[in-house]
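Right, one structure below, let's go through it.
The values are calculated or read from the model by the stated rules, or taken from the named source; none is laboratory data. Bear in mind the structure is a predicted one, so any value in this text is a computation, not a measurement. Cβ coordinates were reconstructed from backbone atoms using ideal geometry, including for glycine residues, and neighbour counts include every protein chain displayed. Heavy atoms of the whole protein, side chains included, go into the accessibility calculation; ligands, DNA and RNA do not. Shrake-Rupley method; radii C 1.70, N 1.55, O 1.52, S 1.80 Å.
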Amino acid sequence: MNIIVCADNNWAIGYKNKLLVSIPNDMKHFREETTGKVIVLGRKTLATFPQGLPLKNRTNIILSRDEKYKVKDAIVVHSVEELLRELKKYDSEDVYVIGGESIYRQLLPYCDVAHVTKVDHEYQADTYFPNLDKDPDWEITADSDEQTYFDIAYTFLKYERKQKQ
């Protein structure tokens, strides 16, 4: 299973239910990675999408504890256990966890690949992604050249969970 995130130097990912920064090339990268795949997200992340609707050309699976929560054109599950049962229907390489913070924290232990857009800046933030650089189970296996969008420098990093010896 994959996880995909854009984080700043402090592993911050959001502020007041919004992304910290919108970089067109990062959005393009996200679309290229996830189109035609399965995305897993929380109810609050879905609410930030245009009109609060599931993303097109993807299987949207929403994890929400609210048993009454329903979303047109999406699958809603109410626990990590129920989610894992649902995900057995799909190739794990085609599953992308896309946030928010609590979903990332709950599902990171089940993921083997993390696609991280690392922004070289420190933003005011109230939501964070776990720091993979300080986690001995993860290592960077690929990185792009530094890119810029106006004055924002960023790189695309691929982290992979180290195989148990």
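Computed values, structure above
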quantity: Residues within the range 1-35 that are open to solvent by 30 Å² or more (accessible area, probe 1.4 Å), touching a residue at least 24 places away in the same chain (Cβ under 8 Å), assigned to a loop (DSSP other than H, G, I, E, B) and not hydrophobic (A, V, I, L, M, F, W, C), tallied; calculated: 4
quantity: Enumeration of residues in the range 1-42 that are under 20 Å from Ile103 (Cβ atoms), acidic (Asp, Glu) and out of contact with any Cys (no Cβ under 8 Å at 6 or more places or on another chain); calculated: Asp8, Glu33
quantity: In the range 65-121, the residues that are charged (D, E, K, R) and either assigned to a helix (DSSP H, G or I) or within 26 Å of Ala153 (Cβ to Cβ) (or both); calculated: Glu81, Glu82, Arg85, Glu86, Glu93, Asp94, Glu101, Arg105, Lys118, Asp120
quantity: Residue in the range 117-126 that is buried (at least 19 other Cβ atoms within 10 Å of the Cβ), closer than 21 Å to Lys37 by Cα and in contact with a Cys (Cβ under 9 Å, 6 or more places away or on another chain) present; calculated: yes
